[in-house]
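Inspection log for the structure reproduced underneath, given as structure tokens.
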Amino acid sequence: MTSALSIILGVILAASAVGFIAGRRIPMNLENWTVGGRKFGIALIWLLMAGEVYTTFTYLGASGWAYAKGAPTYYILIYGTLAYTLSFFILPEIWKIGKRAGLHTQPDFFVHVYKSRGLGVLVAAVGIISILPYLQLQLAGLGLIVEVASDGAVSSSAAILLAFLLTTAFVLTSGLRGSAWVSVIKDVLMLSAVGIVGFGLPKIHFGSIGRMFQALIEKNPNHLVFPGSAPTMGVLWVMSTVLLTGMGFYMWPQLFGTAFSAKSDRIIRRNAVIMPLYQIPVVLIFFVGFTAFLVLPGLKNGDLSLLTLVRQSYPPWFVGFVGAAGAVTAMVPASVLVLSAAALLSKNIYRAGFRPGASDVEVMRVSRLMVLAVATAALVFALALPNALVNLLLIGYDGVAQLFPGVILGLFWKKVTRGGVAAGLITGLAVASFLVFGKHDPFFGFNAGFIALSVNALVAVAVSKFVRPSSRPAR
């Protein structure tokens, strides 16, 4: 596996070097560090957002779901397309407010619109709690990809440590610009690898994609129709999950904040038009999962289906290429997640909650310290307590989706109040936590997070309508 190891290590080092170079001649003030100076054009915005969206889940999760669950996996295609459609109307309005008011983070938006630092602190806390398990899983996925691709020659812990130290270093040096430049490498490698295996594996084992599907229909036709091989994930679950994740998609702090880095609202709209093209690689990943379902029956961990099948079907150097692409696919979102969590902690917790008079220079200094703190915490959990945050991820998407009513109402309904939004958010989080951790997900066939989001919206509207507002939202 020497060739595979050399390729993996070489790509990780090259990507990190690009991340360092990206910020070499840029003064790293708060504006440049968090939102890239608001100068990103369509290419960088497209690649950066794709880098944040198409993570190790594209490698491991999508193929694993296609392998283990079958038809419910289709929801991935639907919710992404719905989210991009919503972004065409929502993100440009968010960008305009951000440009006018000099906003850097998602909680900044809530503070500006609702004139409430307390609400901003609450939103920041929701974002940080959601980011940490997501970051840990990126690290775990990176380690798993490198360990399997190297046939165990490099341990998962060693891969996580090396890649994350380099990632943290270029985040400290270059901020969001470093992540954007590395995302170019990531997307070239990922699209190449996915294209080759997505078309290649069905052809190698069955002669064509059509024959692979024919074999699948003959062996297990129910795998391709709802609820597939997952009895609890029927049509109601898929429909409610699509709505939840479609609305919650851009509520993740890192994706919301990336909108502020665009040059103009026109860039944001053009990005919404072309982002659905990235759903094509996801379809190819499904093909790999379905092929593995036929060729490798009985895998204990369906998430390993892609890597296992690639190792059996291609020479070691190509396995190294796929592993390298997977490693960089984890590094880009990990870097943005660390940056976003650090910005939330420094600007929206430290300054808003403890030092309202702190200057941007002080916040920038604290942000860099928070990068080290967040990175260290994620590294400790990933290496020493790999399952400690897994349960929190169950509430991650359900949690960030609860921010959607506050954003939409703040943009488009003049009568909304901060009290209504806060009451709805707290209620939604409570309902989601009760249903998920109480093992009531799905709830009568519906995604528990969707139930919580519905209650959230009703409470926000009711409180705003019937409780006299102290102030109107600013836009």
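The values are calculated or read from the model by the stated rules, or taken from the named source; none is laboratory data. Remember, predicted model here, so these are calculated numbers, not experimental data. Quick reminder, even Gly has a Cβ in these numbers, built from the backbone with ideal geometry, and neighbours come from all protein chains shown.
Listed values, structure above:
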{"read-out": "Counted residues, segment 98-120 - those being among the β-branched types (Val, Ile, Thr) and surrounded by fewer than 19 Cβ atoms within 10 Å (Cβ to Cβ)", "value": "0"}
{"read-out": "Criterion: among the hydroxyl-bearing types (Ser, Thr, Tyr) and more than 30 Å from residue 272 (Cα to Cα) - qualifying residue of 245, 232, 258", "value": "232"}
{"read-out": "Filter result for the condition that a residue is of a type in the set (Val, Ile, Thr) and within 20 Å of residue 167 (Cβ to Cβ), over 361, 371", "value": "371"}
{"read-out": "Exclusive hit being under 26 Å from the mean Cα position of the chain (by Cα) and in the same structural domain as residue 192 (by TED's automatic domain parsing), set 313, 305", "value": "305"}
{"read-out": "Any hit, segment 30-51, residues being in the same structural domain as residue 301 (by TED's automatic domain parsing), aromatic (Phe, Trp, Tyr) and touching a strand residue (DSSP E or B) at 6+ places or on another chain (Cβ under 7 Å)", "value": "yes"}
{"read-out": "Residue 190 being assigned by TED's automatic domain parsing to the domain that holds residue 318, in contact with a Pro (Cβ under 9 Å, 6 or more places away or on another chain) and either surrounded by fewer than 17 Cβ atoms within 10 Å (Cβ to Cβ) or not in a loop (DSSP other than H, G, I, E, B) (or both)", "value": "yes"}
{"read-out": "Segment 286-331, residues that are in contact with a Leu (Cβ under 8 Å, 6 or more places away or on another chain), closer than 18 Å to residue 13 by Cβ and among the hydrophobic types (A, V, I, L, M, F, W, C)", "value": "321, 322, 324, 325, 327, 328, 330, 331"}
{"read-out": "Contacts under 8 angstrom Cβ, first residue in segment 191-217 being free of Cβ contacts under 8 Å to residues at least 60 places away in the same chain, partner of a type in the set (Asp, Glu), 6 or more apart", "value": "none"}
{"read-out": "Conditions (1) surrounded by fewer than 21 Cβ atoms within 10 Å (Cβ to Cβ); (2) within 30 Å of residue 449 (Cβ to Cβ); number of the one not met by residue 205", "value": "(2)"}
{"read-out": "Test: residue in segment 141-155 that is at pLDDT below 90, farther than 22 Å from residue 182 by Cβ, of a type in the set (Ser, Thr, Tyr) and assigned by TED's automatic domain parsing to the domain that holds residue 291", "value": "yes"}
{"read-out": "Some residue of segment 200-217 being of a type in the set (A, V, I, L, M, F, W, C), in a helix (DSSP H, G or I) and touching a strand residue (DSSP E or B) at 6+ places or on another chain (Cβ under 6 Å)", "value": "no"}
{"read-out": "Some residue of segment 223-233 being in a helix (DSSP H, G or I), surrounded by fewer than 22 Cβ atoms within 10 Å (Cβ to Cβ) and more than 26 Å from the chain's Cα centre (by Cα)", "value": "yes"}
{"read-out": "From the options 23, 10, 41, residue that is under 21 Å from residue 190 (Cα atoms) and in contact (Cβ under 8 Å) with a residue 12 or more places away in the chain", "value": "10"}
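Conditions (1) modelled with pLDDT of 90 or more; (2) among the basic types (Lys, Arg), marked per residue:
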site	(1), (2)
371	yes, no
381	no, no
418	yes, yes
463	yes, no
